[in-house]
Every structure is written in structure tokens, then in C-alpha cells.
1. Can you give me the distance in nm between label points at A:VAL285 and B:ASP138, each placed 7 Å from the Cα along the Cα-to-Cβ direction?
2. What spacing in nm lies between the two simple spin-label points modelled at B:ASP220 and A:ARG108, each 7 Å away from Cα in the Cβ direction?
3. From the backbone phi of the stretch A:119-130, what are the Karplus-calculated ³J(HN,Hα) couplings (6.51 cos²θ - 1.76 cosθ + 1.60, θ = phi - 60°) in whole Hz, Gly and Pro given as x?
4. From the square roots a ≥ b ≥ c of the eigenvalues of the alpha-carbon gyration tensor of the stretch A:199-314, which class results: rounded (a/c under 1.5), prolate (a/b over b/c), or oblate?
5. Once amide H atoms are placed 1.01 Å from N in the peptide plane, what residues at a sequence separation of 5 or more from B:ALA232, or on another chain, have their amide H within under 5 Å of its amide H?
6. Determine the relative contact order of the stretch B:95-170: mean sequence separation of Cα pairs under 8 Å and six or more apart, normalised by residue count, in whole percent.
7. When you take every Cα atom in the stretch B:95-170, what is the radius of gyration, and what is Dmax, the widest Cα pair distance, in Å?
8. Looking only at Cα atoms, what is the convex hull volume of chain B per residue, in Å³?
Amino acid sequence: MRNWILSGRAGLLLLAVVLALAPLGFGNPYHYDIAIHVLINAIVAVGLNLLVGYAGQVSLGHAGFFGLGAYVTGILSAHYGWHTLLSIPMALVVVAVLAFAVARPILRLSGHYLAMATLGLGILITIVLRTEGWLTGGPDGMIVPPIEILGWQLFGEAYWYALMAALLVLAVWLALNLIDSPVGRALRAVHGSDVAAQVAGVNTTRYKVLIFVVSAVFAALTGALTAHYSGFITPDLGGFMRSIEFVTMVVLGGMASTFGAIVGALVLTLLPQLLTGFDELEMVVFGAVLMAVIIFMPRGLVPSLRTLIGRFLR
Amino acid sequence: MTHLLETSNLTKTFGGVHAVADLSFGVEAGAIQAIIGPNGAGKTTLINLLTGIYTPSAGDVRIDGRDTRGLPPHRLAGLGLSRTFQNLQICMNMSALENVMVGRHLRMNRSFTAALLRLPALRRGDADCRRRAAELMDFVGLGDLTERDADTLSYGALKRLEIARALASEPKLLLLDEPAAGLNANETAAIETLIRRVAELGITVILVEHDMKLVMAISDRILVLDHGKQLAIGTPAEVRADPAVISAYLGAA
């Protein structure tokens, strides 16, 4: 029983129930909108956590993949008349190919150098989005058409909430499966001891590249859907601050904890909304909350709380 | 007897310094082969050459007759070579059992799609892997600790855990890098028994060790290195009687 409660399967069920019941508490479209943004961030964080939390490779450029995903589908559907059911997969392919191409040279680096290289990659992507105005609309952004399926337009917060909630459950299911598999153990071994993993026969470079591409595709899919949801995109979607936010979600919620990534996304998306009452003190309180968590729960929210619950159940 | 591992004229130089020079020796299949030598004799360099971390400056290493030049460690694992580390290389972010399960990596279904979808075949393979890993932990004397996180284990237990992980790949050749370092007399005696039992499984053992009592007790053959060169090779009795070894290493008056 104790093992089941602490295992991911129970968490997945709980997540599905919470996501299904949450709309009962939503009073207006604004609540839905906030919830959708929580879900968007959560999916990216779950994917990024596979790379950062489990495989131990830092990426400070993940918003770049998010933004690129948004722009590829946006440009193809708005300027070239592609059907959204084709332009979204194309966005994933473009980001996957880019991530794969840069992964090998980038992942030869480690620690601060890896952080710098991914940071640079993210910045490069936003520079291109900002300057290639003929294609992207430049800093002013561009309008993106809604998703259309058989003549029916996906419109309205409730539908989008359902879609994103289903995607998050799917993402968590895939992530939990992956972590508890030979591939997942190899990834975690890369984090724990690169050389031990190699001796066990793990082609560490191959696995690092693999998970880098996978987490980039998570970000790209979410970015692409965000573009069609909000109908308007700017290069800031892929900006440096967004990349930092994603990493902060993973660290705050708890590295190497899939549910931690979700909690991190929830806290970091909701907190600024809740703190608007503090006016100009908002950022100060926000910073203080983050510092308090990291000081008192250095492993992140979910792993620390899980240890407490585990002790309680024993 | 066939040689499972063979080196010929193996040489590694670092900017003119011959860390290992012109070393030719063979390790018989099924034997316990010790490598000893004073500090700076070139033992670590030799290990790094055997395990693919360094590329030889000259000469070669052959496992089962196959030249290993240029093969990275993860490819050597596929040839049946496994090892433990002098300074532990345990994945502290995983449970003790999962560390051993990682050792079976090459014998697992490594399909990414199967992993993502958690297909039944993969689940069965995982359950089997978990059971074998638990058996191996039992084999090395850690049967009670399977549920523990690796970072809660004692130093002595972690040394054994590394051996269990190395055995999980079902290697032909196991290289133990100072398995008794940092252990007390009782623990060393237990490691001695464990190494014997590993050899009884038919696994060839290369033992790099400072503890002379342990080396003399369990080795079939001993290679003595000094200044990167082979000083002597033979049975414990032969090595012990070798005048060159006595003067250079065991300490003559």
C-alpha cells in the first residue's frame, strides 16, 4: 500500500481526477485561461525534467524550442495555408531535427559550458524570430489561425482545457513509463555516474542526444498548441526569461520528480497571479517565496513532501 | 590454456614519460590474475588502457583475440569486459537495486518506443531483471538492502554493490580495481571469499590490489609492475621468490 501510494501510478490517477474535477471550481473564462497556462507550463516542465532532473543535463534554452514550435506551425498555417493538423507535426519535425543536429556538439559539454551553449541556442532562436520580420512579423508578433478539424474550429477555453489536460496526463504517463524502463535507468545512470553507465554498456552520448530531442519535442508540441490557442505569438515566447522559468519550475517542484515538475509549473504560474495584490512588491514576495522553498526544501517541493509522507505512513 | 585477454608491446606515453612501456602479457581464461606494483608503477594507466579510457600509444590489447583499439568503454562491455572502480562510481540518485539493474543494460530490451508505452514484453523483462539483480545483491551479501537508496549504504556495502553491478552484465572478464581498499580485516576476508566465488562462476578476474595478503592468497598469477615495465610475472610463490621483486617492491634490507 505504502509503495503504491508513493509510486507514480497512484499519482497519475490522482492527477487525472484533479484535472477532471478542477473545472467545477472555475467561475469564468479567465480561470480556464490560467488553468490552461498551468497545463502548458506543466507539459514543458515534465519534458524538461526528463533532461534536467533525470539525465542531469542542464538546458537554459528550452523556451527556444517552445517558441520555434509555435512559429513553425504559425507561419505554415497563416502564411502558407497549411492545414493545422499538418503544420503542428511539421513543427515537431523541425524542432526535433534542429535539436538532434545541435545535440551532439552541445552535449559533449557539461556543467556550466552546457548551460552556456543551450542558453546561446535559445537566444539565437529568438534573434532569428525577432529579425526575420518578413516571415515572423518581427518583434510585433504575428496572428495564428485556430486549429481546424473537419470544418470545426477548436475554440473556447473549455475545449482547450480538456485538450491540454489530456495531453498532460499522456505526457506524465509516457514520462513515468520511460523513467521506469531500461532506457530510463540508463538515463539516470548517466546522471549518477557517466563512467559507470559506460562500463555497464550504456552509449551515454546516444542517450543524452535522445533525451535532449525528446524534451525539445515536448516543448515544441506545447509551443505549437499555445500558438493556436492564443491566436497571437511574439518572439518573447521563446525568450531567455521563459527558459529560466521552465528550469525554475523543475528545480522548485523537485528535480527527478515528474509530479514535482507539475507542482513547480502550478506554483510558478499561479504565484504571480496571487501576488498581484502586492503591487510593486510582487517581485520581492515572489523571490522570497522561491528562496524560502530552496532553503528549506533544497530537493524541491514534491521529493521533500514525499519523504515526510513516507515517514508518516511507515 | 587460451588467453582471454592479451596485450602485446602495450605502451602509453604522456609527454615523453612512459607510464606503461612495452608490456606483453596474457590472462588465462578462468584465472584470477593480480596486477601489483608500488605507487606510480603504472597500474592505473594499465587499467585505463585495458578498459578503453586511454588509447595505447603503441601496441595493442586483445580480448578474445579481438583488437580493442579505439573501442569506447560501452563497446568493451559488449565484448564481456566489466569492472569496478577504486573510487566508487555508484549512481547515488538511484536505489541500490536499480544500480545493479543498470548493469544488465546490454541484456535488456532497449527499445525507446517499448519503454515509452511500457509494452508487456518490456514489463516482463524488467521484472526478470529486478529478480536477477536481487539475486546478485544476495550473492554479494547485500540481500537485506535491496529496497534501500544507494546513498544510504555504507562504504563497504557500496564496494560490494559495484561488484554486483559488474556481475549483472554477465561478463567474461571482471576487473576489480582495489576491491579491498578502505576495508578492515574482516571485510577484506569477506571480499576474498566473494572473489573466489566469482571465479568459481567461470569469470576471469583481474585484480589490482595493494593488500598483499589478499593478493597472495587468491591469485593464480601475479603481474608485478615497476616504472611501467613488467618486473615479474608468475604464481604467487614464484613472484615472492623473485629477487627483482624482493628488492624493488617487497623491500629488501
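Only the coordinates and a few stated rules stand behind these numbers; no lab work does. Here the structure is a predicted model, which is why all the values come from computation and not from measurement. Using ideal geometry, Cβ is built from the backbone for each residue, glycine included, and neighbour counts are taken over all protein chains shown.
1. My value for the distance between the label points is 5.8 nm.
2. Result for the modelled spin labels: 4.2 nm.
3. 4, x, 4, x, 5, 4, 4, 5, 4, 4, 4, 6
4. Numbers: a/c = 2.16, a/b = 1.06, b/c = 2.05.
Since a/c reaches 1.5 but b/c is at least a/b, the shape of the stretch A:199-314 is classed as oblate.
5. So B:ALA232 has HN proximity to B:VAL224.
6. Numbers: 84 pairs, mean separation 40.0, N = 76.
Relative contact order, the stretch B:95-170: 53 percent.
7. Over the stretch B:95-170's Cα set, Rg and Dmax evaluate to 12.7, 38 Å.
8. Values: hull volume 35.5 nm³, N = 253.
Given the Cα convex hull of chain B, per-residue volume reads 140 Å³.
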